[in-house]
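Participant: Starting off with a structure, shown below.
The values are calculated or read from the model by the stated rules, or taken from the named source; none is laboratory data. None of the values given here were measured: they were computed from a predicted structure. Positions of Cβ are generated from backbone atoms using ideal geometry, with glycine treated the same way; all protein chains shown enter the neighbour counts. Quick note on the areas: whole protein, heavy atoms, side chains included, nothing else; ligands and nucleic acids left out. Shrake-Rupley method; radii C 1.70, N 1.55, O 1.52, S 1.80 Å.
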Amino acid sequence: PLRDNSAGCRSSRAVTEALAKQSAAVLVLEPAQGLHGALKTARKGVGVYSIKVTGVASHAGLDFEKGHSAVLELVRQIERIAGFTDLQRGITVNVGVIRGGTRSNVVAAEASAEVDVRIARRGDAEEVEAKFRSLRAFDEQCALDITGGINRPPLERTEGVARLYTLAREIGASLGMELFEAAVG
C-alpha cells in the first residue's frame, strides 16, 4: 500500500471511511507496537507539516552581505516550532527531516523541514494549526511556505470507547482470550 509519512494508507483510506460510516462501532486492529496485541482504545492524532524557506543566494566570500540565508531562517523557525510541544497536554512536534543549501561557500537560497505533529485531543488541532499558520520570517528578505496539517484525528478514550472495549473483552473471554487495552502515540 501507498503510505503518506506514517499518516496512514492512502490506497485504503476511502474504503475504510466508507465502511466505518456503515458501522455502529469499530475496533482498531492495527497492532499496538510492543504491546503484544492490545486493543487500541486511545491513539494520538497525526499531522505532517512542510516548512519551505526561500532566501537570497550570494557568494559567502565575495558578497556575503547581499545574501539572506534560508538555512539560518529555517533554524530560527525550528527553534520556534520546537516550542509548540506541550508534553502535559500530549502535544509533540518533531522536526524530523531538514534540508538546505547547495555548497558551503554559498549563502543558502532554499531550505526545508518536515515536521511530525501528534495530538492527544481533537480540540488541540485548531491551536496547533493556528501556531503553524502564524509563523512569520525573522528575516524579511526570506519567504516561508507552510503546508500540511493534522490528517488523522485522535482516537480519544471516551465512555463509548470504554464500553466497546468492555464488550470486546467479554466476547474475548467467552472465546478463551484475554484482551488488554493500550493508548498509543
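Participant: In percent, what relative contact order does region 11-156 have, based on Cα pairs under 8 Å that are 6 or more apart in sequence?
Facilitator: 33
Participant: Continuing with this model, one more query. Does a label point 7 Å from the Cα of PHE64, set along Cα-to-beta-carbon, have any residues of region 120-149 with amide nitrogen under 19 Å, and which are they?
Facilitator: 139
Participant: I've got another one for you. Given a cut-off of under 8 Å on Cα pairs at least six residues apart, what relative contact order in percent is computed for region 52-138?
Facilitator: That works out to 33 percent.
Participant: Okay, next question. Could you pull out the trypsin sites (Lys or Arg not before Pro) across region 50-106 that fall in loop regions by DSSP (anything but H, G, I, E, B) with no more than 15 other Cβ atoms inside 10 Å?
Facilitator: Answer in residue order: ARG103.
Participant: Also, I was wondering about something else. Under a cut-off of 13 Å between alpha-carbon atoms, report the aspartates and glutamates in cross-link reach of LYS40, not counting same-chain residues fewer than 8 places apart.
Facilitator: List returned: GLU30, GLU156, GLU181.
Participant: Okay, next question. Taking the solvent-accessible surface of protein heavy atoms with a 1.4 Å probe, what is the per residue accessible area of the chain in Å²?
Facilitator: 63
Participant: Further question: Straight-line reach from LYS131: which lysines have Cα under 26 Å away, leaving out those fewer than 8 places along the same chain?
Facilitator: LYS44, LYS52
Participant: Can you give the alpha-carbon Rg of region 45-91 over 2.2 N^0.38 Å, where N counts its residues?
Facilitator: 1.64
Participant: Something else now. Taking every pair of distinct Cα atoms and averaging 1/r, then inverting, what Kirkwood hydrodynamic radius in Å comes out for the chain?
Facilitator: Over the chain, the inverse of the mean reciprocal pair distance is 19.2 Å.
Participant: Sticking with this one: As a test of the formula, what do you get for the chain when each DSSP H run with n ≥ 4 contributes -39,500 (n - 2.57) and the sum is divided by the residue count, at 222 nm and rounded to the nearest 500 deg cm²/dmol?
Facilitator: Dividing the helical sum by the residues of the chain leaves -8500 deg cm²/dmol.
Participant: Follow-up. Can you give the FRET efficiency for SER134 and LEU175, using 1/(1 + (r/R0)^6), R0 = 41 Å, r = Cβ-Cβ distance, to the nearest 0.05?
Facilitator: 0.20
Participant: Loop only by DSSP, 16 or fewer other Cβ within 10 Å of the Cβ. Give me the chymotrypsin sites (Phe, Trp or Tyr not before Pro) in region 96-185 that pass, ordered by residue number.
Facilitator: Here the chymotrypsin sites (Phe, Trp or Tyr not before Pro) that fit, given the DSSP loop and packing criteria, are PHE138, PHE180.
Participant: Computing the accessible area with a 1.4 Å probe over protein heavy atoms, can you report the carbon and sulfur percentage for the chain?
Facilitator: The C+S portion of the solvent-accessible surface of the chain is 55 percent.
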